[in-house]
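Peer 1: Can you keep this structure in mind? I'll have questions shortly.
Bear in mind that the values in this text are calculations on the coordinates, not laboratory data. Since the model is a prediction, treat every value here as computed from it, not as a measurement. Every residue, glycine as well, gets a Cβ built from its backbone with ideal geometry; the counts of neighbours run over all protein chains shown.
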């Protein structure tokens, strides 16, 4: 914001050029409005945040303790409050992003009402949420700077210079968004068109998965169907072209593979020569060897090593992969995606287990040494049970007595203060750092954490307020905590933009302005 004084001079020059017609224009007010709106378009945001994310990727390559994090957001207010809190508690937004979850858009933002994560929601609702998130983050900048400008007006002497320095060095709330485009919502052209909307709204990073678009399932549900590699790579290229067309040369693509939990494919890959990508894909198909006289009506046949093979086709007309090939298919998916334009990987797993992730990453890094992952620290995992079971197995393998524990009941509250539970909680606490250091995970996210947090806090409020605590349920459970923790929205009028609006009234109407934030405003109680 060192440009603030320069903007004052520039507008003063314009005012002088326009003569008396601009007499009522205050150059400092105009400069303040410019400062409060640093990013004029979504493309400004995408270009700015892409550079941040690229720099963070390079920093991680140099030091794997410098991983990045995000929480999924389903409303602009959620994203805004997250970044305001991060700035308040950590004095920086460094390496903290936002994640836009397709699951939460489907469940919370569709005009159809709550939907499963199957790409049935309106695809434009995703780009609309990106735009909304950045609208709220830009408003957080405006609110914070507006407070500093009011302090500047009241300050004298050295204090004025200190506030001016805060304005000049203001840290924006605008951070990178990793945006979920599901499986592309159609063919490669549809993916390209939607990616452009994402980027124009401000997204610098787009995540796409290798499921069949019209068969798409949540990554943690059964029945997933993947596409041949060439189909997926065409969509990766479509997203890259969208970035390049719009001038976001640093745009980032996350290639997600669901192959670990996907046992089906809709199509047999095209292969022209032994060992090509189609041939490698078809190697994983479940097949039976046939002779020419065994060919049945409508049989689909492939050849391999001079043999006739019939892939297993289900009544759904889908083809099945061989059991136990998921990890190998994930490795092939990841290597080919990175070799064809993707920047980061996402391997959707069924449990949070570092050894499982590590086995696949080590294979990928034999081909792509600096391969980096985005990892879903999913609420679909029962983290407590998974890590207590891992702790139980580790203790047992080390020869420790585990007779006091029932492995099938380790979620029980009776184990909360035990050695096993403390060991498990310690591993949960360090999971992200451990996985980033050992397994190449650049970014850790929790897809739907704010969905669960909203449900939990609402449940607690409803239980107390409608129960015997009455109004104390809100005061003790919410407002008093808001005040003592310094939660910005305790001044909810200010958060909704009332002070910014009052400033503008003064700019536009001068002494005739009717302001909302007078001395009798109840917000002053806070």
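Peer 1: Quick one: what Rg and Dmax do you get for the range 426-471 from the alpha carbons, in Å?
Peer 2: That works out to 17.5, 51 Å for Rg and Dmax.
Peer 1: Which order results if 491, 66 are arranged by neighbouring Cβ count within 10 Å, fewest first?
Peer 2: Sorted ascending by nearby Cβ count, the order is 66, 491.
Peer 1: Ok, one more. Return the percentage of antiparallel bridges among DSSP beta bridges fully within the chain, rounded to the nearest 5 %. Walk me through the numbers on the way to the answer.
Peer 2: On the way: 12 of 44 bridges.
Within the chain, antiparallel bridges account for around 25 percent of the total.
Peer 1: Let me check against my output: what whole-number percent is the relative contact order of the range 171-273, with C-alpha pairs under 8 Å and at least 6 apart?
Peer 2: Reported relative contact order: 32 percent.
Peer 1: Now for a different question. For the range 402-526, what does the alpha-carbon gyration tensor say about shape, rounded, prolate or oblate, given a ≥ b ≥ c as the root eigenvalues, a/c under 1.5 as rounded, and a/b over b/c as prolate?
Peer 2: Note, shape of the range 402-526 comes out oblate.
Peer 1: In degrees from 0 to 90, rounded to the nearest 10, what is the angle of the helix 188-201 Cα long axis to the longest principal axis of the chain?
Peer 2: 20 degrees
Peer 1: Taking the Cα atoms only, what angle lies between the long axis of helix 326-339 and the longest principal axis of the chain, rounded to 10 degrees?
Peer 2: 60 degrees
Peer 1: Still on this model: Quick check: the angle from helix 157-168's long axis to the longest principal axis of the chain, C-alpha only, nearest 10 degrees?
Peer 2: Relative to the chain, helix 157-168 is tipped by roughly 30 degrees.
Peer 1: Under 8 Å for C-alpha pairs, at least 6 residues apart: give me the relative contact order for the range 318-432, rounded to a whole percent.
Peer 2: Values: 77 pairs, mean separation 26.5, N = 115.
Over the range 318-432, the number comes to 23 percent.
Peer 1: Treating the Cα atoms of the range 268-410 as identical point scatterers in vacuum, please give the log10 of the normalised Debye intensity I(q)/I(0) at q = 0.20 Å⁻¹, two decimals.
Peer 2: -1.19
Peer 1: Moving to a separate point now. Going by average Cβ neighbours within 10 Å, how do the peptides 246-259, 454-467 rank, with the highest at the top?
Peer 2: Working: 246-259: 22.0, 454-467: 12.2.
Highest to lowest by the protection proxy: 246-259, 454-467.
Peer 1: To two decimal places, what compactness ratio does the range 297-343 give when its Cα radius of gyration is scaled by 2.2 N^0.38 Å?
Peer 2: 1.54
Peer 1: Take 136, 112 and order them by how many other Cβ atoms sit within 10 Å, fewest up front.
Peer 2: The order, fewest Cβ neighbours first, is 112, 136.
Peer 1: Let me ask something additional. Give the shape of the range 339-459 as rounded, prolate or oblate, defined through the alpha-carbon gyration tensor: a ≥ b ≥ c are the square roots of its eigenvalues, a/c under 1.5 means rounded, and otherwise the shape is prolate if a/b is larger than b/c and oblate if not.
Peer 2: Judged from the Cα gyration tensor, the range 339-459 comes out oblate (a/c at least 1.5, b/c at or above a/b).
Peer 1: What is the chain's relative contact order, in percent, from Cα pairs under 8 angstrom and six or more apart in sequence?
Peer 2: Reported relative contact order: 15 percent.
Peer 1: Could you point to the label whose value was computed as log10 I(q)/I(0) by the Debye sum over Cα atoms at q = 0.05, 0.08, 0.12, 0.13 Å⁻¹ for the structure here, given (1) -0.22, -0.56, -1.16, -1.30; (2) -0.19, -0.51, -1.22, -1.45; (3) -0.27, -0.64, -1.22, -1.35?
Peer 2: The value matching this structure is (3).
Peer 1: Let me know the shape class of the range 51-99, please: from the alpha-carbon gyration tensor, a ≥ b ≥ c as square roots of the eigenvalues, rounded when a/c is under 1.5, otherwise prolate if a/b is greater than b/c, or oblate.
Peer 2: Judged from the Cα gyration tensor, the range 51-99 comes out prolate (a/c at least 1.5, a/b above b/c).
Peer 1: Moving on. Going by how many other Cβ atoms sit within 10 Å of their own, how do 283, 375, 60 line up, fewest first? Walk me through the numbers on the way to the answer.
Peer 2: Details: 283 18, 375 24, 60 21.
Starting with the residue having the fewest Cβ neighbours, the order is 283, 60, 375.
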